[in-house]
1. Hey, any idea what % of the stretch 10-127's accessible area is carbon plus sulfur with a 1.4 Å probe?
2. Name the residues whose placed amide hydrogens come within less than 5 Å of the amide hydrogen of residue 44, ignoring near sequence neighbours (fewer than 5 apart) on the same chain.
3. Could you give me the ³J(HN,Hα) list for the stretch 62-75, computed from phi with Karplus coefficients 6.51, -1.76, 1.60 and θ = phi - 60°, whole Hz, x at Gly and Pro?
4. Tell me which residues come under 5 Å, amide H to amide H, from residue 123 once H is placed; ignore anything under 5 positions away on its chain.
5. In nm, to one decimal, how far is the residue 117 label point from the residue 61 one, both placed 7 Å along Cα→Cβ?
6. Just to confirm the filter: which trypsin sites (Lys or Arg not before Pro) across the stretch 76-106 are DSSP coil and have at most 15 other Cβ within 10 angstrom of their Cβ?
7. Whole-Hz ³J(HN,Hα) for each residue in the stretch 25-34, computed from phi via Karplus 6.51 cos²θ - 1.76 cosθ + 1.60 with θ = phi - 60°, x for glycine and proline: what do you get?
8. With θ taken as phi - 60° and the coefficients 6.51, -1.76 and 1.60, list the Karplus ³J(HN,Hα) couplings across the stretch 81-92 in order, rounded to whole Hz; mark glycine and proline as x.
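The values are calculated or read from the model by the stated rules, or taken from the named source; none is laboratory data. All values reported here derive from a predicted model rather than from experimental measurement. Reconstructed Cβ throughout: ideal geometry from the backbone, glycine too, with neighbour counts over all protein chains shown. Ligands, DNA and RNA are stripped out before the accessible areas are found, and what is left, the full protein with its side chains, is counted by its heavy atoms. Shrake-Rupley method; radii C 1.70, N 1.55, O 1.52, S 1.80 Å.
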Amino acid sequence: MEDEYGREDDVTTAGPASGAAVEFGVLGPVECRDGAGLPVRLGGPRHREVVARLLAARRRVVPVDRLVADLWEEPPPGATGAVRTFVAEVRRALEPGRRPRTPSRLLATEGPGYVLRPAPGAVDAWHFEAEVARAAGLAPRSRLPRWTPPSPPGAAPPTPTSPARDGRTPNAPGSRNCACTPSSAGPMR
């Protein structure tokens with residue numbers, strides 16, 4: 001049973017074994033597994049939303065007020081306290097052997113918010129992204145080449161090194177020759 005903040009009554013269950021790597025699944029339902037591959041109960045839907053939001057930040061701090069805004073369209077009274085409770089409960093589930101008042105290594109409080117620092121390769125989406133980039137021969141998180149519109153029939157296709165009619169290089173930064181630039185497509189939304 002959940003309360004008005006999405007908390008489940010029973011959020012205290014077995015967590016990862018001491019020293020074991022925690023793995024996160026976000027390609028599908030948000031889930032977590034300990035080093036032995038056993039599921040870690042993260043709690044209710046709001047707990048999993050907090051985990052997903054922190055993972056989406058890719059090891060960067062997410063302020064509490066940003067978490068509140070992301071979790072509720074219209075935050076209820078006490079939403080900030082609820083987020084802090086969700087984080088504390090998730091922290092206990094992720095690091096059950098951590099002593100009280102000992103800083104968390106995985107889900108840390110920093111400045112105005114929280115940061116989740118999983119091990120490299122411990123998030124399925126990040127691993128998938130790295131594998132796709134590797135398969136494509138690109139370094140992870142590198143920029144993909146811009147799309148080049150098709151050439152009119154009978155015209156030679158532009159290349160990144162051939163100047164366009166206006167003397168600029170097609171698809172170069174600042175070029176207006178690409179059909180997908182913000183200046184030709186109107187405001188981006």
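1. About 52 percent, which is the carbon plus sulfur part of the accessible surface.
2. It is 8, by chain and number.
3. Along the stretch 62-75, the couplings run 10, x, 4, 5, 5, 4, 4, 5, 6, 7, 10, 5, 10, x Hz.
4. When sequence neighbours closer than 5 places are left aside, the close amide H contacts are 24.
5. So the two model labels end up 1.3 nm from each other.
6. 101, 105
7. x, 10, 8, x, x, 5, 9, 9, 10, 7
8. Couplings: x, 5, 4, 4, 5, 4, 4, 4, 5, 5, 4, 5 Hz.
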